[in-house]
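Some notes on the structure that comes next.
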Amino acid sequence: MTTLFPRERLRQRVYLPWARIPSGHLVELPGRGTTYVTDTPGPSPDAPTIVLLHALACTGLLTWFPAIEPLSRRYRVVTLDQRWHGQGIQSEEFSLSDCADDVAALIDALDLRNVIVGGYSMGSIVAQRVWRQHPDKIEGLVLCATTDRFQMTTTERLFFGGLGAAMLGARGVARSRTASRAARAAAEGVDMENSDLQDWALREFRSTSPWAVAQAVTALGRHHSRPWLGRIDVPTAVVVLRKDRVIPPRRQVALARAIPGATIHDIEAGHVACVLEAELFVPALLEATSTVNARRRDFYGSRGA
């Protein structure tokens, strides 16, 4: 069952020909914990699967809801809340390595086959690590708004060095104010009518605490995949956001060029294009995923084609 929010209920700035929010459920990952998962069937039981990994401070649905419906016309589409985000696994520490292991555990728990992993921003970093740690479980990658490492500019060094420390000390009132400001900014940025969709989006956004975001930011600041990108041996596509002010487009392109055979699918859009510029992002995502799937079929044979 899905909840449909008609197009008329959104302002023109956020163009979504559909806005379907699939219902989900908690899935137990043995020995790891529970996480919130949506599992949207594809056109046939043997359709390939795409597992979608969300951005920092978001949830699986909040990042990907504009793309789930069109993707499901060709693929089984799975989203999950990553560790410490939304209804994701709660643990003593946050690490990108654990997030990647969670994805592998979910693939086993749902018995997923012919798996492509797609990631957006933080999710793209986790997707890289899924290949690094569990190359036998996936057959393709779609990396969006991605990079091989952070802390390369003065701005990033200040951001990753300072935000974590600031939030670690921002308990109580300060922490509450941070969450309130972030929620208001999200509402204004999306520029939606005062509707059920806006209320839902704000609930999703607020489900991840500033404290959790700080831990994830610290982990992202330590990420460095450049030494092993050249060994990625599954079909890969990179969606490059040419107006991205968070991850410079040149670094997104450089990452794509470091992966053997990776294709580039660029759009004139900013870092939150997954929702704010979905009319540009979703077609690029579909193209990238189709390219990876076609190459996956050639590489792995006809199973799941």
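Observations
- Across the stretch 46-60, rounded Karplus estimates of 3J(HN,Hα) from the backbone phi angles (6.51 cos²θ - 1.76 cosθ + 1.60, θ = phi - 60°) give 9, 5, x, 10, 10, 9, 9, 10, 8, 7, 4, 6, 10, 10, x Hz, Gly and Pro being marked x.
- Taking a ≥ b ≥ c as the square roots of the eigenvalues of the alpha-carbon gyration tensor, the stretch 47-109 is classed oblate because a/c is 1.5 or more while a/b is no larger than b/c.
- Three-way shape call for the stretch 29-69 based on the alpha-carbon gyration tensor, with the a/c threshold at 1.5: oblate
- Solvent-accessible ranking of Lys137, Lys243, largest area first, probe 1.4 Å: Lys243, Lys137
- Remark: the stretch 26-161 carries 34 Å² of accessible area per residue (probe radius 1.4 Å; ligands, DNA and RNA excluded).
- Carbon/sulfur fraction of accessible area - the stretch 212-305, other protein chains in place, 1.4 Å, %: 52 percent
- GluC sites (Glu not before Pro) within the stretch 232-295: DSSP coil, no more than 12 neighbouring Cβ in 10 Å: Glu268
The values are calculated or read from the model by the stated rules, or taken from the named source; none is laboratory data. Note that this is a predicted model, so its numbers are computed, not measured. Every residue, glycine among them, receives a Cβ derived from its backbone with ideal geometry; neighbour counts consider all protein chains shown. Remember, those area values only see protein heavy atoms, side chains included, never the ligands or the DNA or RNA. Shrake-Rupley method; radii C 1.70, N 1.55, O 1.52, S 1.80 Å.
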